Every structure is written in structure tokens, then in C-alpha cells.
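Values in this text are rule-based calculations from the coordinates and carry no lab data. It should be emphasised that the depicted structure is a prediction, and the values quoted were computed from it without experimental measurement. Positions of Cβ are backbone-derived with ideal geometry, glycine not excepted, and every protein chain shown enters the neighbour counts.
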Amino acid sequence: MEIKKVGVVGCGTMGSGIVQLCAQSGYQVVVSEINDQFLNKGLASIDKVLTRIVDKGKISQADKDATLGRIKGTTNAGDFGDCDLVVEAAIENVDLKKKIIGELDGICRPDTILATNTSVLSVIDMAVVTKRMDKVVGLHFFNPVPVMKLLEIVRTIATSDETIAASVEFGKSLGKTTVIAQDKPGFIVNRLWIAYVLHAVGLLEEGYASKEDIDSAITMGLNYPMGPLTVGDFTGLDILLFTADALYAELKDPRYIAPTLLRKMVTAGWLGRKTGKGFYEYK
Ligand SMILES: NC(=O)c1ccc[n+]([C@@H]2O[C@H](COP(=O)([O-])OP(=O)(O)OC[C@H]3O[C@@H](n4cnc5c(N)ncnc54)[C@H](O)[C@@H]3O)[C@@H](O)[C@H]2O)c1
């Protein structure tokens with residue numbers, strides 16, 4: 001099936017990035033939010049990002065205007081009725097995601113693909129609430145969506161080959177490298193990455209090395225762009241902890257037990273860059 005019109009549920013960090021990238025790639029996009037205030041905030045953030053890239057000379061003002069012209073904001077889920085693909089990017093809560101996917105199943109055409117941008121939740125749990133389990137897939141984008149090159153496509157035991165093929169084509173059309181992951185906790189990236197970052201926090205907690213030395217060892221020794229503690233701060237320590245707990249709850253693998261230090265930092269509200277303090281301090 002050719003995808004021409006894309007729906008996005010949620011215009012927060014990820015939703016706004018998905019909307020921007022799809023519209024820049026030539027798709028007609030409908031994006032929904034819970035109310036006008038959130039919708040206007042999300043649309044304004046897209047406008048701001050596009051203005052910045054016009055100012056940098058990467059796109060023209062006409063490109064920006066054409067991109068914005070392809071985006072329609074709404075607070076009415078009924079507007080997804082003629083979309084070929086809808087990507088759910090609401091908050092990471094399985095009950096909410098099931099409710100959204102179930103509603104979309106009632107609103108969208110029978111051939112519409114329904115996707116979730118979940119980082120860690122089970123995709124089949126969302127697919128079972130629909131009458132189109134074969135057309136439900138995980139499309140896991142990374143933050144910032146227009147910049148990060150990877151799209152993890154999550155295949156449940158019920159996702160059809162046709163849905164996977166359409167998802168791969170869609171990812172390519174957005175300029176992404178796609179990988180196919182099984183519908184198991186953490187998919188590929190978080191399955192590996194969470195264990196690695198938790199290990200670094202554990203080493204810091206036990207006084208094995210200083211935070212600076214842990215980060216320098218990895219950036220200088222392995223040529224990674226950021227050390228694990230810096231990247232934890234960048235991601236948000238609350239998100240890191242939530243994901244670790246979700247992986248441990250499902251897998252019971254001790255590699256995903258969050259160090260006490262991480263838990264206490266989250267309790268203290270030291271969530272990384274977004275609160276000005278995490279492993280490091282930010283102005
Ligand atoms: N932030 C990341 O780095 C990242 C990376 C990959 C995947 N994800 C996943 O993407 C999803 C979104 O994360 P985020 O960081 O953008 O969250 P966010 O809180 O920034 O945005 C979520 C938005 O969804 C809206 N929303 C909630 N219920 C809705 C509904 N019924 N209809 C329409 N909008 C609704 C909220 O108002 C909010 O604006 C989550 O599942 C998250 O796990 C996040």
C-alpha cells in the first residue's frame with residue numbers, strides 16, 4: 001500500500017519530530033493533541049525548529065512554508081479517517097496506548113497501518129485491541145527524530161510481511177536506516193544500551209572511577225560521541241529508570257536492575273539536562 005497521508009497522535013517531543021520529518025518528506029500529516037493548548041505548543045515548536053534551519057540556510061523559506069502547509073493540527077481523532085498510516089506518540093502508558101489504538105481501529109480504514117512509537121512496551125498488547133493485528137507495528141524513532149538516522153521497526157508475532165515491507169519503505173522515504181526488531185522488551189537499541197548505561201552508573205556508585213573518567217574512557221577509548229553518564233543526563237534519568245524497571249519486570253535479568261544511586265537521583269528530582277542537574281550540572 002502506498003502511504004500518502006500520515007497521522008500522528010501526540011505533538012510532544014517525539015510526535016512533533018515525526019510530524020516535522022514526515023511533512024518535510026512530502027507527506028500530508030494530521031497531528032492530534034489532547035487540547036488546543038498542547039496542540040498550539042507542539043505546532044509552535046515545529047515552526048521554531050523549521051525557522052532555525054531556514055536561518056542556518058539548510059532549507060528555504062518556501063520549503064518551510066510548504067512543510068507547514070502539509071501539516072494539519074486537530075483535537076478530533078475523527079480527522080485520522082483518511083490516513084494510510086497513523087503513528088501513536090502519546091506518553092509511555094500501556095493502558096492509554098491501548099485506548100488510542102483501539103479508537104484508531106474504529107476510525108481508520110481497514111487497510112490503514114497503526115503504529116506505536118513505544119520504547120519498551122509490548123506491541124502485541126496494543127494489537128490485540130484491534131481487528132487488524134496484522135497491520136499493527138512498532139515504529140520506534142529516536143530523539144531528535146529529524147536528526148537520528150535509525151528507525152527500529154518492531155514486528156509482533158501477528159504483523160504481516162506486507163506491513164513490514166510498507167514500514168521499511170516508509171522509513172527509507174524519511175531517510176532512515178531501518179532495522180527489524182522482535183516485539184521483546186527494549187527491542188534492539190534499549191536492550192543493549194540500558195544495560196550498558198546502568199553498568200556505568202553502577203561503577204560510579206561503587207567508586208570504581210570518577211564520572212569524568214568513565215565518560216572520557218568511553219568517548220576517547222571507543223570514539224563514542226558521548227559517555228554513558230552524559231548520555232543518561234541527555235536522555236533523562238527518569239526515562240532511564242522507567243525503561244530499566246520495565247526491562248527488569250519483563251526479563252528478570254539482573255543486568256537491568258537499576259543502581260540505588262540512579263533511583264535516589266530520580267527521587268531527588270535530578271533528572272539530567274532537563275532539570276539542570278543530573279550526573280553533571282547544566283546552566
Ligand atoms: N523522548 C524520547 O527520547 C523518546 C524516544 C523514543 C520513543 N519515545 C516514546 O515516544 C512516546 C512519546 O514520548 P515523548 O517523549 O514525545 O512524550 P511527551 O510527553 O513529550 O509527548 C506526549 C504527548 O502526547 C500527548 N497525548 C497524550 N494522550 C493523547 C491523546 N489521547 N491524544 C493525543 N495526544 C495525546 C500529550 O499531551 C503529550 O503532548 C512515548 O511512548 C515514549 O516512550 C520517546
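With K176, K131, K149 as the choices, which residue is in contact (Cβ under 8 Å) with a residue 12 or more places away in the chain and in contact with an Asp or Glu (Cβ under 8 Å, 6 or more places away or on another chain)?
After applying the criteria, what remains is K131.
Exactly one condition in (1) in contact with a Leu (Cβ under 7 Å, 6 or more places away or on another chain); (2) among the polar types (S, T, N, Q); (3) surrounded by 21 or more Cβ atoms within 10 Å (Cβ to Cβ) is false for T159; which is it?
Checking T159 against (1) in contact with a Leu (Cβ under 7 Å, 6 or more places away or on another chain); (2) among the polar types (S, T, N, Q); (3) surrounded by 21 or more Cβ atoms within 10 Å (Cβ to Cβ), the one that fails is (1).
List every residue pair whose Cβ atoms sit under 7 Å apart, with the two residues 6 or more apart in sequence or on different chains, where the first one lies in region 210-236 and is outside any helix (DSSP H, G or I) and the second, anywhere, is not hydroxyl-bearing (S, T, Y).
Close Cβ pairs (under 7 Å, with a partner that is not hydroxyl-bearing (S, T, Y)) amount to Y224/I218; M226/F234; G227/I214; G227/D215; G227/I218; G236/L271; G236/G272; G236/K274.
Which residue pairs have Cβ atoms under 6 Å apart, sit 6 or more places apart or on different chains, and have a first residue in region 74-96 that is more than 22 Å from Q37 (Cα to Cα) and free of Cβ contacts under 8 Å to residues at least 60 places away in the same chain and a second that is part of a loop (DSSP other than H, G, I, E, B) and within 9 Å of the ligand (Cβ to nearest atom)?
As it stands, the answer is V94/L121, since those pairs meet every condition given.
Determine, yes or no, whether G232 is in contact with an Asp or Glu (Cβ under 9 Å, 6 or more places away or on another chain) and buried (at least 22 other Cβ atoms within 10 Å of the Cβ).
In short, no.
With the requirement that a residue be of a type in the set (D, E, K, R), away from the ligand (no atom under 16 Å from the Cβ), surrounded by fewer than 17 Cβ atoms within 10 Å (Cβ to Cβ) and not in a helix (DSSP H, G or I), what does region 35-93 give you?
Matches in region 35-93: K56, K58, D82.
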